[in-house]
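Worksheet for the structure shown next.
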């Protein structure tokens, strides 16, 4: 089943008009019409979580036409450690890296990344929690393994980019009152609402080193 058929059938199953579906997702009716039209456009990455949530699917299932389709590497596979500048230049779905494309590679010790996965090193303190007992804390220097193929849900840690400035950022995804937000762990930094198409999620953090699995 194509993504267009999946969205149309899901909307009809929910007994929603195109306008009602659009309002629940936070887009225009024209966008929904494009999503349901064979040969039309698919939902932008920033809209995918809301569409998937409304249809009762994961993002991977939504974009795969109802079936998860993630080619995962073995645990212990190596992924390229890239710069934040390079991350900001990635497209919606990361272009795959080939051996030799990166100067440094990181071993996935706790997760099974997909082929397009990459690693980033945390800079700054926006994701450093002031609570020493906090469950999650990502101080400067922490290495993140990022998988652009994984579905994202509220509470997940994600890498997002500003498509205008081409700058990438690391935050926690939140959903409140029908709106999506990027939240830091450090209260000294601002929570940012995802304003499609300006901000776009490019991957979910699946592992961090210092070591731990998400």
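The values are calculated or read from the model by the stated rules, or taken from the named source; none is laboratory data. The structure presented is a predicted model; accordingly, all values stated were derived computationally and were not measured.
Could we say that residue 27 is closer than 17 Å to residue 199 by Cα, modelled with pLDDT of 85 or more and over 17 Å from the mean Cα position of the chain (by Cα) here?
Numbers: closer than 17 Å to residue 199 by Cα: yes; modelled with pLDDT of 85 or more: yes; over 17 Å from the mean Cα position of the chain (by Cα): yes.
Against the criterion (closer than 17 Å to residue 199 by Cα, modelled with pLDDT of 85 or more and over 17 Å from the mean Cα position of the chain (by Cα)), residue 27 qualifies.
Looking only at the stretch 181-201, filter to residues that are at pLDDT 85 or above and not in a loop (DSSP other than H, G, I, E, B); which one of those is nearest to residue 50 (Cα to Cα)? Among them, the one singled out is 181.
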